[in-house]
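Heads up, the thing below is written out as structure tokens.
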Amino acid sequence: MKLSVVIPVFNEEKTIGRVIRRVLAEKTPKEIIIVDDGSTDGTREEIKKFRNKEIRVFFHKVNQGKGAAVSKGIKNATGDVLIIQDADLEYDPKYYCKLLEPIILGKVEVVFGTRLKKLKFKLWGKNKTPLPLHYWANRFLSGLTNFLYGSHLTDVETGYKMMTKEVYGDLNIVSRCFEVEPEITAKILKKGYPIVEVPIKTQPRGYKEGKKIKAKDALLAVFTLFKYLQLTKIA
């Protein structure tokens, strides 16, 4: 079973090399599809350092948004299963095997890596919750998704969304920016695919370290959830 790892990247020269090396280190048979979304720093030069038969690279001339980069990666994927890997080191490829297990066993076609299922909210102390506003925004969006679509998800905004070729080949992504996350989730649920969540841990970074998602993206996510709810059939 071959895994397609789609890596959308924009201005991540400090982390993209380490992400690629970590993905390459995973023993799962795979192809790596990197979509550089018009980076203006040294990201492209870092990517070009890697010469490997497992890696294919696509360059956007100008920045088009994460959704556009993800769409490009999905359209060029050939694996039996696909996962989206952010280029900022928040998500660790060591979880690939754990996420793949329910699919290999034939239990499900879609697996989400949930950061929140076992995470307790703490405002202080050694293990205080990072980016508390993001935590509650994600909780809200997950609750809204469950209410609208009849699901039971804890982390709809997770970057680790794994799915079979049948599923990712049927998504027809149109989002250009961060609303790609709720679009993927909404379409999967609308098409009737059950989603299994597997707990994972991440290393969240702050805005000083380069985090890009903004408050407006949460509003756009809400709009996106309602948008796809109205469709009786998704092409």
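What follows draws every value from the coordinates through simple rules; no lab data is involved. These numbers were taken from a predicted model, which means no experiment stands behind them. All Cβ positions, even for glycine, are placed from backbone atoms using ideal geometry, and neighbour counts span all protein chains on display.
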Under 10 Å from the Cβ of Ile195, count the other residues' Cβ atoms, weight Lys and Arg +1, Asp and Glu -1, and hand me the total. -1
Of His60, His152, how do they rank once you tally other Cβ atoms within 10 Å and put the fewest first? His152, His60
Can you give the helix-only mean residue ellipticity at 222 nm for the chain, where every DSSP H stretch with n ≥ 4 adds -39500 (n - 2.57) and the sum goes over all residues, rounded to the nearest 500 deg cm²/dmol? -10500 deg cm²/dmol
Just want the ordering: Leu189, Leu220, from fewest to most Cβ atoms lying within 10 Å of their own Cβ. Leu220, Leu189
Pulled fully out, how much extra length does the chain show between Arg21 and Phe147, if you take 0.36 nm times their separation in residues and subtract their Cα-Cα distance? 41.4 nm
For Ile47, Ile104, ascending order of other Cβ atoms within 10 Å (fewest first) is Ile104, Ile47
Cβ-based net charge around Cys97, under 10 Å, with every Lys or Arg adding one and every Asp or Glu removing one: +1
Are there DSSP H segments in the chain that both extend 24 Å or more along their axis (alpha-carbon positions) and score a mean Kyte-Doolittle hydropathy of at least 0.0? List them, or say none. 132-149
